[in-house]
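These notes are about the structure you will find just below.
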Amino acid sequence: MDVIKLGLGGFGTVGSGLARILDMNSERIAKRLGKRIEIKSVLVRDLNKKRAFDLGPDVTFTDDPAVLVTDPEIDIVVELMGGLDTAKDLILNAFAAGKHVVTANKHLLAEHGLELFEAAKTHSVGLMFESSCAGGIPIVQTLKESLAGDEIIKMFGIMNGTANYILSEMTTKGMDFQTALADAQDLGYAEADPTFDIEGFDTAHKLCVLIRMAYGVDYPLSEIPIQGISSVTPMDIEFAREFGYRIKLLAHVMKIGDKLEAGVHPALVPYTYLIARVGGNYNAVRLEGNAVGPIMLHGQGAGDMPTGSAVLADIMNLIRKINDGCTHPDNTGFCNQPIMLADILPPEQSESKYYFRFTVADRTGVMAAITNSMANHGVSIAQAVQKGEAGAEGVPLVIITHETSAENVYAMSEEMDAMDFSVEPCVKFRIL
Ligand code: NAP
Ligand code: HSE
């Protein structure tokens, strides 16, 4: 039986997950493809590091990227290193050498995706990236293939396993933020720099990639409003629970007229919604197509095996294209057309309900001042509650609003933060 040889760039969490699945499911894979898949060479930083999976004596380890690119026996380069510069060079050099590439690197795709798509087109090779978004959930293929004929009206969901794990552990076990983060790192969910997970950047990278697949346009990373979960406290989780919500880090994009509006924010989700019950490292993406209606995809969004599964699906997809004699793989899902800039709704015009937690001096007139300011800025109150002990320096005052524009919310909260009764800047989250 013919053999397809892989050059792996990176052999950490995802690389070793992929190797394990190739070993575990080798017969099934060969049956499906009529070809065997073998790892030939592996690029790493530290040649002396002990590895989570033993690849056997026939696999070469190297710290020189050129080994993967110049080896004529390697058909597909699989980039699982992360980071920007070395990964980008490896991919571009692989394209130039006529090799197809599979990558899990959403950061690179979000920052340099347009250049990579162009280069893949120039060299008539495949660029596959299912594992870059939502781990094991087949969201890229769903947008590219299964929903190819639908207009996506709205897409939102949980797209970061680490942040979801942290919020779930804080909500269900009362675990503190740092312990939950350390656990997520131990379990292989987090990025090399976990700030990307916590501050919402990783979610925004994925959103950028998915917007391209859904709409065939570029929504630049710099245009996406991003709010992470570092400002979510146990107190907010408790208040949210009392009002009937769970806090989740959500990404969203929706069509508003001819424009797109997108963002990444912690949001209060009614606890009866399926998405509120997505726990641990799981992700969920809810799509609304103009023909199919709503669809929900749910699965593990991070970790060695789920992500390895998505990487392997891409490799097998490429091999099928090779088997079929495909000479110009369509990487974008839009016939490799140039990817134009999205028509973007200014973020200040986006509308949502909001949760506010003010920390204020417990004295007469404070509630009146806040409600006055809200009324003056067109922010309508749905519910309010104040808690705290008499004499405390600052007490929490929580307000849930009706739908209002981000512009109104920011003007009002700036005004309130400047008041002498404000002990801390107010915390504000969207409500789904
Ligand atoms: P990881 O465990 O840190 O592994 C990274 C691997 O790349 C290591 O083997 C490392 O070598 C190698 N590497 C890094 N920089 C290198 C360089 N400059 N030259 C040569 N080798 C280099 O990372 P990971 O969690 O597997 O993630 C890999 C990629 O998958 C990232 O793009 C990440 O965003 C993405 N991803 C991860 C997950 C997940 O759940 N972890 C899910 C989806 C997507 P050493 O081992 O010698 O240090
Ligand atoms: N760090 C990412 C996460 C890995 O936690 O979701 C999967 O992309």
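Summary table
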item	result
Test: F201 is open to solvent by less than 40 Å² (accessible area, probe 1.4 Å) and of a type in the set (F, W, Y)	no
Single residue of I158, I198 found to be without any contact (Cβ under 8 Å) to a residue 60 or more places away in the chain, of a type in the set (A, V, I, L, M, F, W, C) and under 21 Å from L109 (Cβ atoms)	I198
Residue list for region 259-276, restricted to those being charged (D, E, K, R) and either within 18 Å of the chain's Cα centre (by Cα) or farther than 24 Å from Q227 by Cα (or both)	E261
Only listed residue being under 16 Å from K321 (Cβ atoms) and in a helix (DSSP H, G or I), chosen from K88, K121	K121
Strands (runs of 3 or more DSSP E) completely within region 274-361 that count 2 or more residues being more than 22 Å from V253 (Cα to Cα)	351-360
Residue count, region 135-179 (criterion: under 15 Å from A214 (Cα atoms) and either β-branched (V, I, T) or under 17 Å from the mean Cα position of the chain (by Cα) (or both))	12
Any pair with Cβ under 8 angstrom, 6 or more apart, that starts in region 250-278 at a residue that is under 14 Å from F429 (Cβ atoms) and ends at one that is in a strand (DSSP E or B) and at pLDDT below 95	none
Filter result for A251 (modelled with pLDDT of 95 or more, in a helix (DSSP H, G or I) and either under 30 Å from D330 (Cβ atoms) or out of contact with any Ser or Thr (no Cβ under 7 Å at 6 or more places or on another chain) (or both))	no
Residues (open to solvent by less than 10 Å² (accessible area, probe 1.4 Å) and β-branched (V, I, T)) located in region 271-286	I275, V278, V285
Set G289, G293: member being modelled with pLDDT of 95 or more, under 24 Å from the mean Cα position of the chain (by Cα) and surrounded by 15 or more Cβ atoms within 10 Å (Cβ to Cβ)	G289
From A182, A104, A192, residue being within 12 Å of ligand 2 (Cβ to nearest atom) and either open to solvent by 60 Å² or more (accessible area, probe 1.4 Å) or out of contact with any helix residue (DSSP H, G or I) (no Cβ under 7 Å at 6 or more places or on another chain) (or both)	A192
Residue list for region 296-348, filter: open to solvent by 40 Å² or more (accessible area, probe 1.4 Å), among the acidic types (D, E) and in contact with a helix residue (DSSP H, G or I) (Cβ under 9 Å, 6 or more places away or on another chain)	D304, D330, E348
Failed item in (1) under 15 Å from I226 (Cβ atoms); (2) surrounded by fewer than 22 Cβ atoms within 10 Å (Cβ to Cβ), with F177 passing the rest	(1)
Candidate set from region 142-160 (those that are of a type in the set (S, T, N, Q) and away from ligand 2 (no atom under 16 Å from the Cβ)); member that is nearest to L297 (Cα to Cα)	T142
Of all residues making up region 228-246, the number that are open to solvent by 50 Å² or more (accessible area, probe 1.4 Å) and touching a Leu at 6+ places or on another chain (Cβ under 9 Å)	1
Boolean, I256 is over 17 Å from the mean Cα position of the chain (by Cα) and open to solvent by 60 Å² or more (accessible area, probe 1.4 Å)	yes
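The values are calculated or read from the model by the stated rules, or taken from the named source; none is laboratory data. Computed from a predicted model, the values in this text were never measured in an experiment. Quick reminder, even Gly has a Cβ in these numbers, built from the backbone with ideal geometry, and neighbours come from all protein chains shown. The accessibility values were calculated without ligands, DNA or RNA, using every heavy atom of the protein model including side chains. Shrake-Rupley method; radii C 1.70, N 1.55, O 1.52, S 1.80 Å.
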